[in-house]
Ligand code: URP
Ligand code: ZN
Ligand code: ZN
Ligand code: ZN
């Protein structure tokens, strides 16, 4: 079996940095040490050898707002690898009344073209006995995290009674509950009011989704998850109000994780006031970009550990698709790209500014989510036996981000013109050298589905605690033993 050795670099993991060579055989790491020999040598002089990025929040070829997101599993995962990300987790979105496993099959049909490994979360987009039953099938099939939308009223949104029922089911199955936390009822009211008042441009998208709608929904989801006894992952945390709810929950011992996006960390609301309609509309996503104060809160969360994971929510639409919403902001397809840019942007604005250490960078781009999703140490680790999903990171390599050279299928990039320092020298997907200094040499279909086991330690601990503290009738003396 041919072997590859990455030589001369510094291994950087979530908890350790040390100079070592890394040997790969059959797609996995077989040795870490000094002076290793192999059939092929990759020169990592001056570089960090890190676990490849895991992006736990993508929407590739997603049916949404009357169209499909433009990057599919082919272009999306190619973009991921170019930026040092070696695994994506996409959301299976069942249609109204559709069985969960039928929807999962549709996702499997699309994802066969992936260049890197992938997994799925299941979205609970409607509620009924069939969904309740299918959730067990989903867990058996390795899809153990369940996303709930509190926004998108009339489409994907679920109500609180459904949320509570679903959260309890997820808890019983040993899964992870996830939530898109915005109050969809309030957003719908504000949207109608803004349109009636003549606020029709992309900036009104941001007006219709103030931080309060996110703070309220985040807190609500946290409390409902606590009552249901299930761990909760809050996607795309964009503001202090949501972060504050997560911080408070964690301080109170609740098992809650928050995921800011690279877009919210580095781009702000001024994008929506740009005089060019296209510029503003291309940046319409939910939640919207916020003020610099909110950004500071998100960075502080990553630094202090109250926020755990940086994702992209990659959901890209072309300019032509964005123009569906000319004259009515509520029809602009919601979503932005970022798969290729997440690691370089976070390195530049995080490690490059001293806000994050290289080890913290690995934690929030790979290892933390691998642990949360029960993928560790197959993914998210530089350990013997782990998949050789690696990025050899050159902290000195620079480029200016531009749509002209990106892998993504769309015609613009929300980070256009940003100079980044820190890029992959090599990206390896299960040992295959997929990217060398910006040049992609990858095969469509190389990516494999990674199923996940339910009941990680957190679920076992939570259910034990729930059982210990469950309501019990008081045994009384002096009255018949009927519980009265
Ligand atoms: O605007 C966004 N975030 N679009 C993708 C769907 C979602 O809400 O995650
Ligand atoms: Zn969302
Ligand atoms: Zn999303
Ligand atoms: Zn920048």
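The values are calculated or read from the model by the stated rules, or taken from the named source; none is laboratory data. Please read these numbers as outputs of a predicted model, since none were measured by experiment. Heads up, the Cβs are rebuilt from the backbone with ideal geometry, glycines too, and the neighbour counts pull from every protein chain shown.
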Name the pairs whose Cβ atoms lie under 6 Å apart, with the first residue in the stretch 228-240 and over 30 Å from residue 467 (Cβ atoms), the second within 14 Å of ligand 1 (Cβ to nearest atom) and modelled with pLDDT under 95, and 6 or more positions between them or separate chains? none
Condition check: within 16 Å of ligand 4 (Cβ to nearest atom) and either at pLDDT 95 or above or over 19 Å from residue 425 (Cα atoms) (or both). Does residue 83 satisfy that? yes
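So which residues in the stretch 271-288 are assigned to a loop (DSSP other than H, G, I, E, B), away from ligand 4 (no atom under 16 Å from the Cβ) and under 21 Å from residue 151 (Cα atoms)?
If we filter the stretch 271-288 for residues that are assigned to a loop (DSSP other than H, G, I, E, B), which is where we start, we get 274-276, 283-288.
Next, from what is left, pick out any that are away from ligand 4 (no atom under 16 Å from the Cβ): 274-276, 284-288.
Result: 284, 285, 286, 287, 288.
Can you go through 165, 136, 177 and tell me which one is touching a helix residue (DSSP H, G or I) at 6+ places or on another chain (Cβ under 7 Å), over 30 Å from residue 319 (Cα atoms), surrounded by fewer than 19 Cβ atoms within 10 Å (Cβ to Cβ) and without any contact (Cβ under 8 Å) to a residue 60 or more places away in the chain?
136
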Pairing a residue in the stretch 341-365 that is closer than 17 Å to residue 296 by Cβ with any residue that is in a loop (DSSP other than H, G, I, E, B), where Cβ atoms lie under 7 Å and the two sit 6 or more apart in sequence or on different chains, gives 345/415; 345/418; 346/310; 350/356; 364/308; 364/309; 364/310
Residues 22, 5, 12, 88: which one is in contact (Cβ under 8 Å) with a residue 12 or more places away in the chain and under 23 Å from residue 444 (Cβ atoms)? 88
Quick one: in the stretch 223-236, of everything that is part of a helix (DSSP H, G or I) and surrounded by fewer than 24 Cβ atoms within 10 Å (Cβ to Cβ), which residue is farthest from the chain's Cα centre (by Cα)? 227
Among the residues listed as 423, 375, 346, the single one being touching a helix residue (DSSP H, G or I) at 6+ places or on another chain (Cβ under 6 Å) and either within 16 Å of ligand 3 (Cβ to nearest atom) or under 21 Å from residue 57 (Cβ atoms) (or both): 346
Go through the stretch 332-362 and count every residue that is over 30 Å from residue 205 (Cα atoms) and buried (at least 24 other Cβ atoms within 10 Å of the Cβ). 2
If a residue must be within 19 Å of residue 421 (Cα to Cα) and either within 16 Å of ligand 3 (Cβ to nearest atom) or outside any strand (DSSP E or B) (or both), how many such residues does the stretch 38-64 contain? 5
Quick one: in the stretch 301-319, of everything that is more than 15 Å from ligand 3 (Cβ to nearest atom) and in contact (Cβ under 8 Å) with a residue 40 or more places away in the chain, which residue is nearest to residue 59 (Cα to Cα)? 318
Among helices (runs of 4 or more DSSP H) entirely inside the stretch 322-402, those with 2 or more residues being within 16 Å of ligand 4 (Cβ to nearest atom) are 342-346
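Each row is one residue, and each column tells you yes or no for (1) closer than 30 Å to residue 209 by Cα; (2) outside any loop (DSSP other than H, G, I, E, B).
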{"site": "88", "(1), (2)": "yes, yes"}
{"site": "98", "(1), (2)": "yes, no"}
{"site": "118", "(1), (2)": "no, yes"}
{"site": "134", "(1), (2)": "no, yes"}
{"site": "151", "(1), (2)": "yes, no"}
{"site": "178", "(1), (2)": "yes, yes"}
{"site": "187", "(1), (2)": "yes, yes"}
{"site": "194", "(1), (2)": "yes, yes"}
Taking the criterion of being more than 21 Å from residue 89 (Cα to Cα) and part of a loop (DSSP other than H, G, I, E, B), would at least one residue in the stretch 439-448 satisfy it? yes
Specify the residue that is nearest to ligand 3 (Cβ to nearest atom); the eligible residues are those in the stretch 153-176 that are assigned to a helix (DSSP H, G or I) and within 22 Å of residue 211 (Cα to Cα). 163
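In this structure, is residue 441 touching a strand residue (DSSP E or B) at 6+ places or on another chain (Cβ under 8 Å), closer than 27 Å to residue 36 by Cβ and surrounded by 14 or more Cβ atoms within 10 Å (Cβ to Cβ)?
For residue 441, the condition - touching a strand residue (DSSP E or B) at 6+ places or on another chain (Cβ under 8 Å), closer than 27 Å to residue 36 by Cβ and surrounded by 14 or more Cβ atoms within 10 Å (Cβ to Cβ) - is not met.
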Run residue 49 past the list (1) surrounded by fewer than 21 Cβ atoms within 10 Å (Cβ to Cβ); (2) at pLDDT 95 or above; (3) under 28 Å from residue 262 (Cα atoms) and report the number of the one that doesn't hold. (1)
Counting only residues that are buried (at least 23 other Cβ atoms within 10 Å of the Cβ) and assigned to a loop (DSSP other than H, G, I, E, B), which one in the stretch 237-260 is nearest to ligand 3 (Cβ to nearest atom)? 259
